[in-house]
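Enquirer: Sharing a structure below in structure tokens format, with a few things to ask.
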Amino acid sequence: MTTDTATAGPGSGAANPSGVIHDIGYRTYDGERIGRLGIVRALYWHSLRSAWGLGRGSKAKIVPFLALVIMCLPAVANAFSVSRTGIRAIAYDEYMFSFQLVLVLYLAAVTPELISRDLRNRTLPLYFSRQLRRTDYPLAKVSALITAMLGLTAIPELLLYIGTIGSRHGASEVWHETRAFFPGLLLAVVYSVSFAILATLLACYTGRRAFATGAVAVFFFGTWVVSSALVHLTGFRPHYHHGPDGTGYFVKPGDPGIGPKISGLLNPANMIEGMKEWIVGRAPENSEIPYPGGFGAVNLAVLVGLCALALFLLMRRYQKASLL
Amino acid sequence: MTTATTPTADAAVPAAGPGGAVIEASGLTKRYAGASRGTVTALDGLTLSVPAGVIGLVGANGAGKSTLIKILLGLLAPSSGSAAVLGYDVVDQAQRIRTLVGYMPEHDCLPPDVTATEFVTHMGRMGGLPPTAAKERAAESLRHVGLHEERYRLIGTYSTGMKQRVKLAQALVGDPRLMLLDEPTNGLDPAGREAMLDLIERIGAEFGISILVASHLLGEIEQICDSLVAIDAGKLLRAASMSAFTKASAVLAVEVDEGSAQLGAALKAAGLEPRRDGRALLVRLGTSEEESDRVYDAIRDAVADLGLPLNRLERRRHRVEELFADEAFDEFERAYGAAGGAAESSVSAPAADSTSGDPDRSTESTDSDPGTTGSETADDH
């Protein structure tokens, strides 16, 4: 096809020694090409690396790694606590709920970089004029963000586990610990998947980085404040009461009624927390979220439905011709 | 990430041979169902077949150039009709087409916070190149478009001309068989335009890559094109090889300081069909030598008889507005006949807005000798 062009000759490829800069003319590329799946994988890796600030400037690494350090601090503290006093600092299945703030901060910082940047710079037409299908791009991006989030959620859980079994003796104790660990790990996955999908959807509607950051932060914080306030306003009383002299006492949890249960659905973290209480069959003693009983099935259904809807909207967003 | 590599070198073989059509369309129509403005027809029954080489796609802004390119890339689905690129159907085999085509959009599409090398490498990866090959080809592409040491700088620090080069490089990085360039000279100064056009011509001639160049300035891309497709309001005006365009009829521009109205009347009386274009009168040269001579003589006589100060007499190639020539000449006649010499009645073709940005029009010499100007501009191709 281009026999009359390259002075380097067709097909010489890598045989040409380099090192001296000449104008060697145009060389065609006859080497292998990765297929569409390979490209999706390349985009996934590229996005995953940028989610941790790798391949970007040093400033881009600050937030992700600071978030990871903060997330891991309780696990490290727990290791000391368990080895010295035998008292566990934090439970596996309360870890993510207690530190959702850090997860949201991470997402607010990273999602705009992954999603809004290509919208803002109008780079998307360059992707879509290549082999990628319209759905490949958001799928690669959301997968990368989920994986990045897993690093932020699963690593602390793992550290917590390792730190604890270091002080456990005997197979039965380790086994007991391991059985407690797996629900925590599963929760890390649930948090990563749902938070990442929702944050991606929020960011894909704007090319402005600040707006995307704001949308993610306001959505997770705002709904959390509203949901938690409504849980209490609709009649939920915590099981743990603080006394005036610093002591406290537990009251027997009664049925909180439907109001607090529904209020708990208004925020992803509260929803997941309620779902977890339903699945493990008990609420933590100082829980802010009422034990939902059979209503937990609704929590699960709403969570799955919400994520499915978000994915659908995300895919639809990238079908739009106006992105070209 | 390298495990899924599949050798698809066979995909790079164009289905259309060197003699075959690179782009074909038949009855290609695209309508947008606008919510507020009703249905907009962007392309209207476009039928064409263009051979390999550098192809000019000319039309005014909004004529449907970008829509056509996006349909050819398979990014937009045609409302009706069909099109094929390199022998592949744009609807059924869009993905195959996109492995063989490089696209340079009209608008800005570069992230400012990465270096050109990083960006073009990434785009090479997204085009299906393995990591090492992507790096090598990115460096080569950037070198071909004339970015050397600058390629390690952040794109945000680049001038418009350099950004256009990066856009071109990312289209080139995957070693395409066809490049679709949407207004590549947009926003460039005259020197930058020249450089960009030279580059495109070189890619077409030396690299053996077919190129479709969209522009609203025919005067600009006619220098580098092998064939030309002119569209207006979504309809095909003409699609032909460049030589067919120039052979059809060259045009002579006559410019006088004053009295262009009388000159027009005199030329009409001499049996010619003058047409106003800005300050100049355009007169068709015949296809044969004798006819041209007759036209030159008629003009010389008319100018001499009226004693007008002749400013310029030059031979021009077709420009966008001249593709509308028939209507335009008629219009001139009407306007002329009615006003009886309204000198400033500006009659121009629908796409005449292109004259404002035409670089070589103003740099043309004002030599009044018809012989030298004629040969000077006649065969620069």
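Laboratory data are not the source of any read-out in this text; all were calculated from the coordinates shown. Source: prediction; values computed, not measured. Reconstructed Cβ throughout: ideal geometry from the backbone, glycine too, with neighbour counts over all protein chains shown.
Enquirer: Find which of A:THR123, A:PRO138, A:PRO112 sits farthest along the positive direction of the dipole of region A:50-139, computed with +1 on the beta-carbon of Lys and Arg, -1 on that of Asp and Glu, about the Cα centre.
Expert: Checked the options; the winner is A:THR123.
Enquirer: Find out how many positive minus negative residues lie around A:ILE165, taking Lys and Arg as positive, Asp and Glu as negative, among other residues whose Cβ is under 14 Å from that of A:ILE165.
Expert: 0
Enquirer: Let me know the shape class of region A:82-241, please: from the alpha-carbon gyration tensor, a ≥ b ≥ c as square roots of the eigenvalues, rounded when a/c is under 1.5, otherwise prolate if a/b is greater than b/c, or oblate.
Expert: Oblate is the answer for region A:82-241, as a/c is 1.5 or above yet b/c matches or exceeds a/b.
Enquirer: Just add up the charged neighbours of B:GLY56: K/R +1, D/E -1, any other residue whose Cβ is under 10 Å from the Cβ of B:GLY56.
Expert: That works out to -3.
Enquirer: Given the peptides A:218-225, B:198-205, A:199-206, arrange them by the average over their residues of other C-beta atoms within 10 Å, most packed first.
Expert: Order by mean packing, descending: A:199-206, B:198-205, A:218-225.
Enquirer: Using a 10 Å cut-off around each Cβ of peptide A:118-127, what is the average number of partner chain Cβ atoms that fall inside? Don't skip to the end; give the middle numbers.
Expert: Details: counts 2, 0, 2, 9, 6, 10, 2, 10, 14, 4.
Per-residue shielding by partner chains comes out at 6.
Enquirer: Longer than 24 Å from Cα to Cα, which of A:LYS61/A:LYS141; A:LYS141/B:LYS65; B:LYS70/B:LYS163 are they? Say none if no pair is.
Expert: A:LYS141/B:LYS65
Enquirer: Partner chain Cβ atoms within 10 Å, averaged over the residues of A:35-46 - can you pull that number for me?
Expert: 6
Enquirer: In addition: So for B:HIS122, A:HIS46, fewest C-beta neighbours within 10 Å to most, what's the order?
Expert: Final ranking by Cβ density, sparse to dense: A:HIS46, B:HIS122.
Enquirer: Once you list every other residue whose beta carbon is under 11 Å from the beta carbon of A:LEU187, what net charge do they have if Lys and Arg are +1 and Asp and Glu are -1?
Expert: -3
Enquirer: Once each part is reduced to its C-alpha centroid, what is the distance from region B:263-289 to region A:38-89 in angstrom?
Expert: 77
Enquirer: May I ask you to evaluate 6.51 cos²θ - 1.76 cosθ + 1.60, the Karplus curve with θ = phi - 60°, for each residue of region B:150-163 and list the ³J(HN,Hα) values in order in whole Hz, giving x for glycine and proline?
Expert: Karplus values, whole Hz, x for Gly and Pro: 4, 5, 8, 8, 5, 4, x, 8, 7, 7, 4, x, 5, 5.
Enquirer: Please arrange B:VAL283, B:VAL54, A:VAL190 by how many other C-beta atoms lie within 10 Å of their C-beta, fewest to most. The partial results should precede the final answer.
Expert: Working: B:VAL283 22, B:VAL54 25, A:VAL190 19.
Neighbour counts put them in this order, fewest first: A:VAL190, B:VAL283, B:VAL54.
Enquirer: Quick one, could you list the DSSP H helices from chain A stretching 30 Å or more along their long axis (Cα atoms) with average Kyte-Doolittle hydropathy of -0.5 or above?
Expert: Passing helices, by number: A:59-85, A:136-165, A:171-203, A:296-317.
Enquirer: Taking the Cα centre of chain A as origin, work out the dipole magnitude from +1 charges on Lys and Arg Cβ and -1 charges on Asp and Glu Cβ, in debye rounded to 20.
Expert: With Lys and Arg at +1 and Asp and Glu at -1, about 900 debye.
Enquirer: Which lysines, if any, have their Cα less than 26 Å from the Cα of A:LYS276, not counting same-chain residues under 8 positions apart?
Expert: Hits, sequence-local ones excluded: A:LYS252, A:LYS261.
Enquirer: Please report, in debye to the nearest 20, how large the charge dipole of region A:23-130 is about its Cα centre when each Lys and Arg carries +1 at its beta carbon and each Asp and Glu carries -1 there.
Expert: 200
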